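What follows is a set of notes on a single structure, which appears directly below.
Read the figures in this text as sums done on the coordinates, not as results from a lab. None of the values given here were measured: they were computed from a predicted structure. Cβ atoms come from the backbone with ideal geometry, glycine included; neighbour counts cover every protein chain shown.
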Ligand code: DGY
């Protein structure tokens, strides 16, 4: 008998067909208030779930008593409580690697856009405000040769640092739980305390995973340690930042600007004060959002789920030692 699975995000047809060859698939094109009850009902028989954009709360976990494997189409797995999944012997699979370079491209785009005021000035041109040759009030800040401080030197942090070092001749410093010899040798990166990164970096770039320790790691106190000329870039998770404190720092000149791909609440509410600030570049969580990379993530997530349901937790499993 094919195992029952719930797919809660649209994936390309050929990948859907692959799932259907081996599983009985119940499909939801995203979960919303209208279909949440049906989703919960479908979880009752599910041995596997695959998708993204749904927080697996205690309610959802309790609704899925037969669950053996969860495959998230993301590298970050903060939608799941790993300890609770492990207690129940549920394998949690994710998609590291395939999105690294694309996400680093997005983050470096934010560095450039924030420093050179790209979106702000492009908007002025469109609005017909470019009436004479520009003066210092439209100038930006240099990126090349400056110091970039990476919070979280994992795969994506390294890929951002690589762009900074080789492409822009930047000085790389980083804050990470463990030392990263490869970054130190290849990119001349220097490991620092969080405070040192905040004080020294012209661009503080967050790519830390979201955990209880990193929740609101950027807050009023840490922002106060940054240089008034510095920029804050977030390509990790929105909840690593106390957004109210960030707004305050951006309004008061505590920092010069921000480039944000992720937010405490997504989609970002239209009445967010962040959207009123000219020194903010805000993107709709597009870190990995290219056709090629999203396809690769879906493919990997499908393969991960099928492997896990067959008892193979050797690749891309967050809790490989857990057995059912
Ligand atoms: C991830 O994979 O974690 C990215 O943030 C895309 O959602």
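When DSSP beta bridges are restricted to pairs lying wholly in the chain, around 5% turn out antiparallel. This ranking places 180, 124, 2 by how few other beta-carbon atoms lie within 10 Å of each, fewest first, which gives 2, 124, 180. Across the chain, C-alpha contacts under 8 Å between residues 6 or more apart give a mean separation that, scaled by the residue count, equals a relative contact order of 20 percent.
Exposure proxy for 100, 290: other Cβ atoms within 10 Å of each Cβ, ordered fewest to most, give 290, 100.
Using only the Cα atoms, work out Rg/Rh for region 71-176, with Rh taken as the Kirkwood radius, to two decimals.
Using only Cα positions, Rg/Rh for region 71-176 is 1.16.
The Cα center of region 169-243 and the Cα center of region 1-48 differ in position by 38 Å. Its convex hull of Cα atoms gives the chain a direction-averaged projected area, equal to a quarter of the hull surface, of 18.2 nm².
Computed from the C-beta positions of residue 276 and residue 131 and an R0 of 35 Å, the FRET efficiency is 0.90 to the nearest 0.05. Taking every C-alpha pair closer than 8 Å and separated by at least 6 residues, the mean separation divided by the residue count of region 171-324 gives a relative contact order of 15 percent. In this simple spin-label model, placing a label point 7 Å from the Cα along the Cα-to-Cβ direction at both residue 310 and residue 35 gives a separation of 2.8 nm.
Counting only alpha carbon atoms, the long axis of helix 13-22 and the longest principal axis of the chain meet at about 30°. Sorting the segments 146-152, 207-213, 302-308 by their mean number of nearby beta carbons within 10 angstrom, highest to lowest, gives 146-152, 302-308, 207-213.
The C-alpha atoms of region 113-160 occupy a region whose extents along the principal axes are 45, 20, 12 Å, arranged from largest to smallest. A straight line joining the Cα centroids of region 85-106 and region 250-267 runs 25 Å.
Sorted by mean Cβ packing within 10 Å, highest first, what order do the peptides 4-16, 102-114, 54-66, 29-41 take?
In descending order of packing, they fall as 102-114, 4-16, 54-66, 29-41.
Got a sec? Which residues in region 275-299 would a label at residue 116 touch, if it sits 7 Å along Cα→Cβ and we count backbone N under 19 Å? What the label zone holds, given the 19 Å backbone N cut-off, is 279-283.
Working ranking of peptides 233-243, 86-96, 190-200 by packing, defined as the average number of other Cβ atoms within 10 Å per residue, highest first, is 233-243, 86-96, 190-200.
What is the mean projected area of the alpha carbon convex hull for region 1-146, to one decimal in square nanometres?
13.9
Taking the longest Cα principal axis of the chain as reference, the axis of helix 243-252 is set at about 10 degrees.
Against the chain, whose longest principal axis comes from its Cα atoms, helix 291-309 is set at around 40 degrees. For region 12-170, the relative contact order comes to 15 percent (Cα pairs under 8 Å, sequence separation of at least 6). A straight chain from residue 22 to residue 10 at 0.36 nm per residue would run longer than the Cα-Cα distance by 2.6 nm.
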